[in-house]
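Report on the structure given below.
The values are calculated or read from the model by the stated rules, or taken from the named source; none is laboratory data. Keep in mind that what you see is a predicted model, and the values were worked out from it rather than measured. Note: ideal-geometry Cβ built from the backbone for every residue, glycine included; neighbour counts use all protein chains shown. Remember, those area values only see protein heavy atoms, side chains included, never the ligands or the DNA or RNA. Shrake-Rupley method; radii C 1.70, N 1.55, O 1.52, S 1.80 Å.
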Amino acid sequence: MNSIKKRWEAVIAKALASYAESLEINPSVLDTVQLVIQVPPKPELGDFALPLFPLAKIFRKSPQEIAGKIAVLMNEMEEIPAGAVLAEGPYLNMYVNLSRDAERVCKEIADKGSRYGCSRSMEGEKVMIEFSCPNTNKPLHLGHLRNDSIGMSTAAVLEANGAVVRKVNLINDRGVHICKSMLAYEKFSDGATPQSTGIKSDHFVGNYYVKFNTWAKEHKDAEKSAQELLVKWEQNDEETVKLWSLMNKWAIDGIFETYARTGVIFDDIYYESKTYTLGKELVYRGLESQVFYREEDGSVWVDMEEIGLDKKVLLRSDGTTLYLTQDLGTAVARHEDWPFDKLIYVVGSEQQYHFKVLFHVLRKLGITWAENLYHLSYGMVNLPEGKMKSREGTVVDADDLIKTLTELARLEIIEKNRQDEVEDLDGTAAAIAQAALNYYLLQVSPAKDMIFNPAESIAFNGNTGPYLQYMGARISSMLRKYDTLHDGSQKRDSIVFNAELLNLQEEHQLIKQVLLFPDVVEQAGKELNPTVISAYLYELSRLYSKYYHDHQILRAGSDSLTFARVVLSEMVLQVLKNAFALIGIPFLEKM
RNA sequence: GCGUCCGUAGCUCAGUUGGAUAGAGCGCCGGACUUCGAAUCCGUAGGUCGCAGGUUCGAAUCCUGCCGGGCGUACCA
């Protein structure tokens, strides 16, 4: 699409220059204005448009008059691409004939398949992306699901733009909060295990974290006991470490079961328990070089006055580390393991301050690549009923939600009486649930808080993941039918795809949309924003839906027209698949 | 208080980086299946883009100030 735009730009520039000359104006003044070719608000107004307001001053003519003159000039030019130019008010509107581009992109799609849409805009760039980062004291919740969706999708988008991407997780497996569930287990478990109780292991651990909090309400020294346990842990106390290992394994195993359900995978996993000591060393190093200072009680601090912030603790008076300390160590460990050009942290907006401090402290330590760290911040997920509050038990558990969505999908398949057709009922239901979840979460710009409405997400009509899957399934079904009716593979050799036949307005728009896909992938990468893909995908589906509804494809009237429409449908299907892969929507042949 | 993000239709969200009459979905009301999957499609109604200034030929978009909200501002993570 871009290349078409560029060809038009060149012609426009030439026409403007010759117009300037005819008015005895030096064409170089045209360089001073930025002309942006845009897409008109309505398809009837053409494919591209150029507003001429900025030129009014230069030419001392009204935009309307300029439009008229330029249109005439352009239409007379030999190098004009297939199409026509019309002056409409102060706008220059271009109507493009896309049939040659359609034939070109058809070959390209056949050639590249699942790689169609990929760009080279980030070729070779090494990007590490951190996301998810669960605590090992409780199971994943809805907030993690948004985090995972953004992380997985952003990684896929970067890869599609040629970057070498390494997805990493950081397991938050140490700290005072972990000690709390350990303490409660020691007190209340009576030796119970996930196996003995039949409870999913991360939920099992989470239950003790809840127990600690209720218990702590009536026991003032509870917090202190947890802190003491942390000191024991950092001193490598054998019993403490043993319990810690046991409970962590339970938590992590359970959490990874959930990842398997949502399709979340990592290239590498870091553990804070392994990197925190490096963090400690870094702090000592900073102490020596006097970028940090020690208080009388032994705690270590950094003063951030130079960036307009307050003072911050890096090591507690009892010598134990904090979240920030660990993150210092993790960052350095990562850069040693895999020297990245860029490290993206997908972490909630509530931690903006944390990252400001983290990046600043790393710079203070003289780490040059600190400039290449980026906090991809996203907003909170709320429910239609209001905020999620762990104290009130209104946090949406990830496993529960997935289970609910899957069950709703299963019932819907049965309701539609399609269980025989889909063959794998449970697998299909799970795939639909995943589509519902990822698409809903990736519709809202990351920066914004959002409201997650489970019922709405799984709805089968409207702007939802399942709707998109349905589009893919219908096209697939139709193409299967074409193949059985016409013995498609044989037909393919004897009929030539003639895009000239596709002259319906809907076909024109569909071709345009297909041509646009690589630009969209590039934009999503540049902005680190997967929602760009979602919006594009819905528009493509909507266009095709209407087309499919209003026009016969398999019985288009002639073999060659049918074939042309089938080829267009195949192109749309391939783009659907490719876009699905970028935002975590499983493709289904049948549903 | 300070920092930061946000405020668009009844609800949930887009808005191509400053351009044409601000768009979708849901919900409401009304239409379309002897036709490739109706899990669909089409139409009607619904807006002071939080408010007030400013910059500009032109502002939902940029600037300033208010109002309203979220999140930070821990020897929590």
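Compare the Cα positions of A:Gly151, A:Ser560, A:Thr484 along the charge dipole of chain A (+1 at Cβ of Lys, Arg; -1 at Cβ of Asp, Glu; about the Cα centre) and return the one farthest towards the positive end. My answer, from the dipole projection, is A:Ser560. Computed from the C-beta positions of A:Glu336 and A:Glu186, the FRET efficiency with R₀ = 25 Å rounds to 0.10. Comparing A:Ala15, A:Phe48, A:Val33 along the charge dipole axis of the stretch A:2-97, the residue lying farthest to the positive side is A:Val33, per the Cβ-charge model. Nothing charged except the Cβ atoms of Lys and Arg (+1) and of Asp and Glu (-1): what's the magnitude of the dipole of the stretch A:2-97 about its Cα centre? Round to the nearest 20 debye. Roughly 240 debye for the stretch A:2-97. Which residue, A:Thr531, A:Met388, A:His141, has the largest displacement toward the positive end of the dipole of chain A when charges sit on each Cβ (Lys, Arg +1; Asp, Glu -1)? Value: A:Thr531. Per-residue SASA remark: A:Arg294, around 130 Å² accessible (1.4 Å probe; ligands, DNA and RNA not included). A cut-off of 5 Å between modelled amide H atoms, ignoring neighbours fewer than 5 places along the same chain, links A:Tyr271 with A:Ile171. Put A:Phe204, A:Phe460 in order of accessible area, highest first, and with a 1.4 Å probe you get A:Phe460, A:Phe204. For chain A, the longest principal axis of the C-alpha atoms and the axis of helix A:222-234 are separated by about 80°. When a 1.4 Å probe is rolled over the protein heavy atoms, the share of accessible surface on chain A that falls to carbon and sulfur comes to 50 percent. Calculated FRET efficiency, A:Ser28 and A:Ala56, Cβ-Cβ r, R0 22 Å, to nearest 0.05? The computed FRET efficiency comes out at 0.75.
If you fit an axis through the alpha-carbon atoms of helix A:238-262 and take the longest principal axis of the Cα set of chain A, what angle between them do you get, 0 to 90°, nearest 10? Rounded to the nearest ten degrees, it is 20.
DSSP beta bridges fully contained in chain A are about 50 percent antiparallel. Spacing of the modelled spin labels on A:Arg294 and A:Thr277, each 7 Å from Cα toward Cβ, amounts to 2.1 nm.
Note down the relative contact order for chain A as a percent, whole number, built from C-alpha pairs under 8 angstrom at least six residues apart. Worked out over chain A, it gives 15 percent. Amide H contacts of A:Tyr378 (H built 1.01 Å from N, in plane; Pro and chain starts excluded): A:Val347, A:Gly348, A:Ser349 sit under 5 Å, all sequence-distant by 5 or more or on other chains. Placing +1 on the Cβ of every Lys and Arg and -1 on the Cβ of every Asp and Glu, with nothing else charged, gives chain A a dipole about its Cα centre of roughly 580 debye. In the context of the full set of protein chains, chain A has a per residue accessible area of 47 Å² (1.4 Å probe). Segment A:Asp310..A:Lys232, full-extension length gain: 25.0 nm, with 0.36 nm per residue of separation and the alpha-carbon distance subtracted. Each residue, A:Asn503 and A:Arg480, gets one label point 7 Å from its Cα in the Cβ direction; the gap between the two is 3.6 nm. Surface calculation, 1.4 Å probe, protein heavy atoms: A:Glu218 sits at approximately 150 Å² accessible. Extension gain, A:Asp420 to A:Glu589: 0.36 nm times the residue separation minus the Cα-Cα distance gives 59.5 nm. In the complete set of protein chains, residue-level accessible area for A:Val33 is approximately 40 Å², probe 1.4 angstrom.
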